[in-house]
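Okay, structure first, notes after.
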Amino acid sequence: MTSANGGCPEPIRVLIADDQDAVRRSVRRILEAQPDIEVVGEAVDGLAALELAAELRPDVALVDIRMPRMDGLEVTRRLSGSVRVVVLTTFDLDEYVYPALQHGASGFLLKRSGPSLLAEAVRAAADGESLISPSVTVRLLKHVTAPRRPARSVAPVVALTEREVEIAAHVAAGRTNADIAAELFISAGTVKTHVASIQRKLGVSNRVGIAVHAWEMGYPVTQ
């Protein structure tokens, strides 16, 4: 993020929402070690997260999916559109995660994700992109899309190009634009253009929606 006067980039402002003190401390410690990220607040429950988001106006909110007073699903729904939300969870298969993605979450990580992945997810969200833990992408989306496979033949057909299908499959595998560019021998800018086109055609707001579509349609997603 570049400062308004065109000088040094402003740090990415992050709000952490989790009811566990140890988790908040750990996440804060990881993020504050990054020169381009600033933790501006911590919330102990869902309502506090909404209040602090309105007061502090963070760029990104890291939101636990299970919190008192208001869960992460409702927090994500209310913040989506004004704050980029990255959902954190302890479980690989959490029944609340798929609805959270539908409500506009910009990413999904396990709490045990390493420091580099956590920081990368914050940066991706701030840039308007998304990052999902690769292992989570496979387990979660296989789980939630399995019941939909029999009805796939009657689903509306979306006309993606061969290249767009290929890129959608890579997105579903949890790869970043840089990863996809290296794999396909094209520029990251070209990947970004394709991703934007896919989102527009599918009518989804982020890369998570692309991943869900890829799994539902049975695209060749590989790790």
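The values are calculated or read from the model by the stated rules, or taken from the named source; none is laboratory data. Remember, predicted model here, so these are calculated numbers, not experimental data. Methodologically, a virtual Cβ is constructed for each residue, glycine included, from the backbone with ideal geometry; neighbour enumeration extends over all protein chains shown. Please note that ligands, DNA and RNA were not included when accessible areas were found on the heavy atoms of the full protein model with its side chains. Shrake-Rupley method; radii C 1.70, N 1.55, O 1.52, S 1.80 Å.
Here are some notes:
- Note on Asp179 and Arg200: the extension gain reaches 5.4 nm, defined as 0.36 nm multiplied by sequence separation minus the Cα-Cα distance.
- Once both labels are positioned 7 Å from their Cα atoms along Cα-to-Cβ, the gap between Ala33 and Val158 label points is 3.7 nm.
- Accessible-area composition of region 21-86, carbon plus sulfur, in percent [1.4 Å probe]: 46
- Estimated FRET transfer efficiency when R0 is 30 angstrom, pair Arg69-Ser26 (beta carbons, to 0.05): 0.85
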